[in-house]
Amino acid sequence: MIAKIKETADFLKGKTNFTPEVGIILGSGLGGLVKAIDIKHSFEYGEIPNFPVSTVEGHHGRLIFGVLEGKNVIAMQGRFHYYEGYPMHEVTFPVRVLKLLGIKALFLSNAAGGLNKSFEVGDLMIIRDHINMFPENPLRGKNLDELGTRFPEMSEAYDKKLIAKARAIAKKHNIKTQMGVYVGSAGPTLETPSEYNMFRILGADVTGMSTVPEVIVARHMNIPCFAISVVTNLAEPEITDKPTSHDEVQNVAEVAEPKLTLIFKELVKGV
Ligand code: HPA
């Protein structure tokens with residue numbers, strides 16, 4: 001495992017000679033930030049040794065090396081989801097490669113369903129904590145001691161300083177943001193009304209099918225994480241005639257995306 005991670009990192013180092021400061025993982029329909037990056041190198045996932053290949057609609061599957069607001073960044077345009085069939089070590093493989101390439105912080109975005117009754121479609125929610133409801137933890141198995149400890153601490157999965165800075169940025173630009181808890185589960189089914197209700201009772205504000213595995217692996221390696229959910233639909237168990245569709249998720253994500261891009265850009269500047 002370690003050998004593969006090193007092999008991939010060495011391949012990318014050899015091709016780019018580039019030390020990134022921030023890694024960015026962009027969720028469904030949220031790839032617009034890439035337009036703001038002065039791209040130096042770009043790789044299709046299929047060209048990168050040991051990388052799984054992304055299949056889901058709306059995910060381009062490109063790893064982008066470039067300069068954003070004067071900072072060297074690597075952006076993943078499209079991520080690997082557990083529901084696509086990848087084992088957890090593949091879902092999280094790129095995060096480990098990013099660490100070996102030198103990132104000092106990881107930013108993530110995702111599309112999520114709103115559970116909190118005060119949320120509206122199109123809201124941005126800064127994730128302050130998560131609940132892992134995936135059937136598997138990406139750190140299960142032999143610990144990779146070179147990367148981190150056997151029993152990583154999760155008391156500050158999402159970096160409080162980055163959250164405070166992001167809130168200040170949003171306020172300055174009059175961008176409405178929510179704060180809350182993301183529950184991650186396997187998918188690919190969206191939740192039944194009762195499951196939405198269960199997640200709400202558990203204390204989650206939004207629900208999605210990503211982010212949690214990547215954040216766990218990043219925290220294992222002590223990388224500060226910052227993540228934002230775009231609320232693309234609302235869980236309304238009492239309204240059964242308005243199901244959520246994947247198209248709806250993508251459309252809302254695209255509309256909300258510029259606000260997210262602005263926050264990520266300004267936050268990168270300050271890292
Ligand atoms: N549930 C799970 N994942 C999602 C949802 C949802 O309602 N919306 C966007 N991603």
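Summarising the label geometry, the points placed 7 Å from Cα in the beta-carbon direction at residue 1 and residue 168 lie 3.8 nm from one another. Taken one residue at a time, the phi angles of the range 128-134 give Karplus couplings (6.51, -1.76, 1.60, θ = phi - 60°) of 9, 6, 9, 10, 8, 10, 5 Hz. Gly and Pro are set to x. Available extension along the chain between residue 153 and residue 42 is 36.6 nm, counting 0.36 nm per residue and deducting the alpha carbon span. Backbone amide hydrogens, once placed in the peptide plane, bring residue 27 within less than 5 Å of 109, 110, excluding anything fewer than 5 places away on its chain.
Cross-link pairs exceeding 23 Å between alpha carbons, from the set 172/269; 40/172; 40/161: 40/172; 40/161. Sorting 190, 260 from the fewest to the most surrounding beta carbons within 10 angstrom yields 190, 260. Fewest to most neighbouring Cβ within 10 Å: what's the order for 2, 25, 131? In order of increasing Cβ crowding within 10 Å: 2, 131, 25. Sort the range 56-177 into rounded, prolate or oblate with this rule: let a ≥ b ≥ c be the square roots of the eigenvalues of the Cα gyration tensor; rounded if a/c is under 1.5, and if a/c is not under 1.5, prolate when a/b is larger than b/c, oblate otherwise. Since a/c stays below 1.5, the shape of the range 56-177 is classed as rounded. When the chain is treated as a GNM, springs tying every alpha-carbon pair under 10 Å, which of 245, 229, 155 comes out with the largest mean-square fluctuation? For the chain, modelled as a Gaussian network with Cα springs under 10 Å, the answer is 155.
Given charges of +1 on the Cβ of Lys and Arg and -1 on the Cβ of Asp and Glu, with all other atoms neutral, how large is the dipole of the range 2-269 about its Cα centre, in debye to the nearest 20? For this selection, approximately 1180 debye.
For the range 2-7, 3J(HN,Hα) computed residue by residue from phi via the Karplus equation (6.51, -1.76, 1.60; θ = phi - 60°) reads 4, 4, 5, 4, 5, 4 Hz, glycine and proline entered as x. Among 134, 264, the order by Cβ neighbours within 10 angstrom, fewest to most, reads 134, 264.
Sort the range 62-126 into rounded, prolate or oblate with this rule: let a ≥ b ≥ c be the square roots of the eigenvalues of the Cα gyration tensor; rounded if a/c is under 1.5, and if a/c is not under 1.5, prolate when a/b is larger than b/c, oblate otherwise. The shape class here is oblate.
Shape class of the range 140-271 from the alpha-carbon gyration tensor: oblate, with a/c at 1.5 or above and b/c at least as large as a/b. Phi angles across the range 140-152 convert, under the Karplus curve 6.51 cos²θ - 1.76 cosθ + 1.60 with θ = phi - 60°, into 3J(HN,Hα) values of 4, x, 4, 6, 8, 4, 5, 9, x, 7, 4, 10, x Hz, Gly and Pro given as x. For the range 2-269, the Stokes-Einstein estimate of translational diffusion at 4 °C and a viscosity of 1.567 mPa s comes to 70 µm²/s, using the Kirkwood hydrodynamic radius over alpha-carbon pairs.
Restricting the range 64-155 to trypsin sites (Lys or Arg not before Pro) that sit in a DSSP loop and have at most 10 other Cβ atoms within 10 Å of their own Cβ leaves 117, 140, 142, 150.
Bear in mind that the values in this text are calculations on the coordinates, not laboratory data. These numbers were taken from a predicted model, which means no experiment stands behind them. No Cβ is skipped: glycine too gets one built from the backbone with ideal geometry, and neighbour counts run over all protein chains shown.
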